[in-house]
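Colleague: Questions regarding the structure given below will be posed in turn.
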Amino acid sequence: MDIITRLNEVKHNLVRAEQEAERPEGSVTLVAVSKTFDADAIRPVLEAGHRVFGENRVQESQGKWPGLKQAYDGVELHLIGPLQSNKVEDAVALFDVIETVDREKIARALAEEMKRQNRFLPVYIQINTGLEPQKAGIAPDDAVSFAGFCKNELGLNVTGLMCIPPADENPGPHFALLARLAAKAGLSRLSMGMSGDYGVAIGFGATSVRVGSAIFGSR
Ligand SMILES: *Cc1c(COP(=O)(O)O)cnc(C)c1O
């Protein structure tokens with residue numbers, strides 16, 4: 001199967017999941033995760049009209065996205081991987097949405113850099129719903145206060161929450177938890193669901209799903 005057939009299949013499944021969840025068509029954004037794939041692999045997806053992409057590494061993205069953004073209007077690039085302090089300047093310059101605000105230090109650095117560049121990007125707070133020690137993110141108990149801190153103290157444009165559930169667990173309870181926390185924090189956007197579980201995530205209220213291998217193939 002080629003990449004466009006897979007893209008169309010994912011889009012079709014997404015619409016069906018919206019319908020099954022009795023949610024309006026178009027209420028879920030497909031973030032096509034192109035990490036590890038080069039510009040030549042991404043171009044057909046852009047040619048097919050898709051514009052929203054996710055990448056997990058700043059440096060890798062700098063090698064392909066400046067050229068692609070120049071060639072195609074309206075690209076919206078999401079950072080979905082951990083952000084280091086020394087990459088904040090480059091990340092703010094290249095990305096359009098930062099989904100991985102996961103600690104105070106990086107939140108402060110982003111706020112400062114966005115002011116410096118006068119580029120006030122929407123951000124998501126990453127929540128470690130499974131409290132996994134190896135995984136980044138704010139603990140669920142601290143989610144509401146941390147979101148408030150980022151908005152009110154730092155002036156960040158916090159639009160939603162993001163999570164990556166533990167790989168070996170039923171993701172449903174994690175998606176439900178993220179939705180409850182977002183409601184408590186007064187945030188409307190939920191970034192959750194990947195190739196294996198985006199249909200489930202849509203049932204729990206995902207407003208964007210991050211789908212890589214189901215579109216681009218295995219990495
Ligand atoms: C790689 C990645 C995805 C996409 O994963 P697939 O299983 O290939 O769809 C989604 N979210 C994050 C944070 C990722 O790093």
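The values are calculated or read from the model by the stated rules, or taken from the named source; none is laboratory data. Keep in mind the model is a prediction, meaning the values are calculated, not measured. Cβ placement follows ideal geometry from the backbone for every residue including glycine, while neighbour counts extend to all protein chains displayed. All accessible areas refer to the heavy atoms of the entire protein, side chains included, with ligands and DNA or RNA removed. Shrake-Rupley method; radii C 1.70, N 1.55, O 1.52, S 1.80 Å.
Colleague: What list of ³J(HN,Hα) values in whole Hz, one per residue of region 25-42 in order, does the Karplus curve 6.51 cos²θ - 1.76 cosθ + 1.60 (θ = phi - 60°) give from phi, with Gly and Pro shown as x?
Modeller: In residue order, the calculated couplings are 5, x, 7, 10, 8, 8, 9, 7, 8, 9, 4, 6, 9, 8, 4, 5, 6, 7 Hz.
Colleague: Using alpha-carbon positions, what is the distance between the centroids of region 153-217 and region 1-40, in Å?
Modeller: 15 Å
Colleague: Could you work out the local net charge near Arg51, counting Lys and Arg as +1, Asp and Glu as -1, over the other residues with Cβ closer than 9 Å to its Cβ?
Modeller: With Lys, Arg at +1 and Asp, Glu at -1, the neighbours total -2.
Colleague: Of the accessible area of the chain, with the probe set at 1.4 angstrom, what percent is carbon plus sulfur?
Modeller: Reported share for carbon and sulfur atoms: 48 percent.
Colleague: Could you pull out the pairs from Lys35/Lys87; Lys69/Lys151; Lys64/Lys135; Lys64/Lys87 whose alpha carbons sit more than 19 Å apart here?
Modeller: Distance filter (> 19 Å) returns Lys69/Lys151; Lys64/Lys135.
Colleague: Also: Given just the C-alpha atoms of region 166-219, how large is their convex hull per residue in cubic angstrom?
Modeller: In region 166-219, the Cα convex hull volume per residue is 77 Å³.
Colleague: Express the accessible area of the chain per residue in Å², computed with a 1.4 Å probe while the remaining protein chains stay in the model.
Modeller: 46 Å²
Colleague: Any idea what diffusion coefficient region 11-59 gets from Stokes-Einstein, in µm²/s, Kirkwood Rh on alpha carbon pairs, 4 °C, 1.567 mPa s?
Modeller: Approximately 105 µm²/s, per Stokes-Einstein.
Colleague: Just round it to a whole percent: the fraction of Cα-Cα distances in the chain exceeding 26 Å.
Modeller: I get 33 percent for the Cα pairs in the chain exceeding 26 Å.
Colleague: I need the per residue convex hull volume for region 42-151, using only the alpha carbons, in cubic angstrom as a whole number.
Modeller: So the per-residue hull volume is 115 Å³.
Colleague: How large are Rg and Dmax for region 120-166 when only the alpha carbon atoms are used, in Å?
Modeller: Answer for region 120-166, Rg first and Dmax second: 10.9, 31 Å.
Colleague: If each DSSP helix of 4+ residues adds -39,500 (n - 2.57) and the sum is divided by the residues in the chain, what number results at 222 nm, nearest 500 deg cm²/dmol?
Modeller: Calculated at 222 nm, the ellipticity per residue is -11500 deg cm²/dmol.
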